[in-house]
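The values are calculated or read from the model by the stated rules, or taken from the named source; none is laboratory data. The model shown is predicted, which means the values in this text are computed figures rather than measured ones. Cβ sites come from the backbone with ideal geometry, for glycine too, and all protein chains shown count toward neighbours. Note: accessible area is taken over every heavy atom of the protein model, side chains too, but ligands, DNA and RNA are not part of it. Shrake-Rupley method; radii C 1.70, N 1.55, O 1.52, S 1.80 Å.
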Amino acid sequence: MQLHNTLSGRKEVFTPLDPLRVTMYVCGPTVYSYAHIGNARPAVVFDVLARVLRRRYPEVVYVRNVTDIDDKINAAAAKEGVDIRVITDRYAAIYHQDMAALGVAPPDHAPRVTEHLPQILTMIGRLVASGHAYAAEGHVLFHTPSFADYGKLSGRDEQALMAGARVEVAPYKKHPGDFVLWKPSSEDQPGWDSPWGRGRPGWHIECSAMAEALLGETIDIHGGGHDLIFPHHENEIAQSVCAHGGKAFARFWLHNGFLNVESQKMSKSVGNVLLVHQLLETLPGEAIRLVLLTGHYRQPVDWGAEMVAEARRKLDRLYGALRELEDVAPTDGVSAPEAFVAALEDDLNTPMALAELFELARAANKAVDAAERGRVKAQMLDAGAMLGLLHQSPQQWFYGQASQTGPDDDATSIEALLAERAEARRNRQWADSDRIRDALRARGVLVEDSRDGQRWRRA
Ligand code: AMP
Ligand code: ZN
């Protein structure tokens, strides 16, 4: 298997440190509001990677944290006059629901920062004791010149590091590039006791401490959006390597490209921030997921109405092929074709893998004998499962879509109308049959008659 490693800037053959166990950490959401469609991209991309790895290795431990200490959370809580826990519980629950609707399997662990204060404090203590960090005015700062490899992941030299957008200048810093491990909290801010006074952890140290707590000192894969390379991941490396006596932190660094909306960067000021929660009100989660997998994960993806419509048509095609195979059982022991798996194992080439999946759908439409049809069905379902697609029945896909055209268009009423129409046709009551067909069409359900009976699809 090959993965592009941001550390080396090229594709490398991936092998885990322990041949039987892969460890993976992905930076998760800061839960102060709804997730937008860009936040869903790493969740979906690394979900596919976890699925591919789980096929290949006996054990995969996938950790995706929940950041539940953050100044944006404090601001949201203050605004509503509630404890931060009210905000973080609410948006963590919504995040997990939204991701589930996109077919994202829960990671093996979803640790929260508030549950790892002891580990965070221990790690800060080690960094202070070893001279990599220092206390100043209630803060603890990591001293970046103490780590020779600082800047290696992002490929930044000293000057570029200093010019970094998020590098803050502060009087208590020994060096402008030093970053916060711990900061003081005022009386009215959430805080935890520490040897350096009451305060709260900086963002970067959380991930280093939770990765160590759940996965050990050296992990195989670390992922996130490419905006996190600097400073977040650069700082995670500095903290972990220095806290672990120079041992490597993550062996492979993977970063997904950004998602734009109609060719524009998503931003509050432009007013084009699309929330997953809202999109799910009108779109099937599976179609959203397919949009996110249509391009290669390292490339930018441009969200737009045409792409969404195209994803729905593609799923109609795939589920249409599966519907043709409804009378056969998937052949036992047959899995996704080699070319499909090879595409995913080549740095998660989802566009190529999807092309293979459509090839299977074409084969399904052409296959005539039962053995061949059962085999193609097994291949399609298994390939779908690796991408987190095709987990519904064709009925659920086609009915579920139709049910979104109106509040009373539930699947049962469509089912009832179709049954009524079948009965009318058996009795040669053609006028009734046509009347019901027209009624269904008005509700966005197109009925076709074939020799095996009625077929329906979304208009
Ligand atoms: P945040 O909650 O802002 O820390 O973001 C959570 C994850 O979403 C991080 O891995 C970010 O890199 C990623 N992310 C944020 N915005 C986008 C975007 N527009 N496109 C792709 N990934 C994004
Ligand atoms: Zn992180």
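How many percent of the accessible area of the chain is carbon or sulfur, using a 1.4 Å probe? Walk me through the numbers on the way to the answer.
Working: 10430 of 20270 Å².
Summing carbon and sulfur atoms, their accessible area is 51 percent of the total for the chain.
Order E59, E115, most accessible first, counting only protein heavy atoms with a 1.4 angstrom probe.
Working: E59 85, E115 110 Å².
So the residues, ranked largest to smallest area, are E115, E59.
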## Note on the structure
Residue by residue through the range 148-162, the couplings from Karplus 6.51 cos²θ - 1.76 cosθ + 1.60 with θ = phi - 60°, in Hz, x for Gly and Pro, are 4, 8, 4, x, 5, 5, 8, x, 9, 8, 3, 5, 5, 4, 5
### Query
K268: which lysines have alpha carbons under 25 Å from its alpha carbon, excluding same-chain residues fewer than 8 sequence positions away?
K72, K79
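Shape call for the range 251-342 from the C-alpha gyration tensor, a ≥ b ≥ c root eigenvalues: rounded (a/c under 1.5), prolate (a/b greater than b/c) or oblate?
Numbers: a/c = 2.93, a/b = 1.57, b/c = 1.87.
It is oblate, given that a/c is not under 1.5 and a/b is not larger than b/c.
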### Task
For K366, list the lysines whose Cα falls under 30 Å from its own Cα; do not include residues on the same chain fewer than 8 positions away.
K314, K377
### Message
Nearest 500 deg cm²/dmol is fine: what mean residue ellipticity at 222 nm does the chain get from its DSSP H runs of n ≥ 4 alone, each adding -39,500 (n - 2.57), divided by its residue count?
### Response
-14500 deg cm²/dmol
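Just need the relative contact order of the range 320-401 here, percent rounded to a whole number, with Cα pairs under 8 Å and 6+ apart.
Numbers: 81 pairs, mean separation 33.0, N = 82.
Taking the mean separation of contacting Cα pairs over the length of the range 320-401, I get 40 percent.
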### Task
Let me know the shape class of the range 1-77, please: from the alpha-carbon gyration tensor, a ≥ b ≥ c as square roots of the eigenvalues, rounded when a/c is under 1.5, otherwise prolate if a/b is greater than b/c, or oblate.
prolate
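If each residue of separation counts as 0.36 nm, what is the full-extension length gain between E415 and D332 once their alpha-carbon separation is subtracted? Before the final figure, lay out the partial values.
Details: separation 83, 0.36 × 83 = 29.88 nm, distance 3.08 nm.
Length difference between fully extended and current span is 26.8 nm.
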### Expected-Rg normalisation [2.2 N^0.38 Å, Cα atoms] applied to the chain
1.15
### Message
If the reach is capped at under 24 angstrom between alpha carbons, list the lysines near K11, excluding any in the same chain fewer than eight residues apart.
### Response
K152, K247
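At a threshold of 8 angstrom on Cα-Cα distance, excluding pairs fewer than six apart, so keeping six or more, what relative contact order does the chain reach in percent?
Details: 711 pairs, mean separation 69.6, N = 459.
Over the chain, the number comes to 15 percent.
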### Message
Probe of 1.4 angstrom, ligands and nucleic acids ignored: what's the accessible area per residue over the chain, in square angstrom?
### Response
44 Å²
### Task
Grab the other residues whose beta carbon is less than 11 angstrom from that of I288, score K and R as +1, D and E as -1, and report the net.
+1
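Where does each of 42-54, 434-446, 173-185, 129-141 land if you order them by average Cβ count within 10 Å, highest first?
Values: 42-54: 22.5, 434-446: 15.9, 173-185: 19.5, 129-141: 17.6.
With the highest mean Cβ count within 10 Å placed first, the list reads 42-54, 173-185, 129-141, 434-446.
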### Task
For S263 and E281, compute 0.36 nm times the residue count separating them, minus their Cα-Cα distance, and round to one decimal in nm.
4.2 nm
### Query
Residues of the range 71-86 with amide nitrogen under 17 Å from the 7 Å Cα-to-Cβ point of E168?
71-76
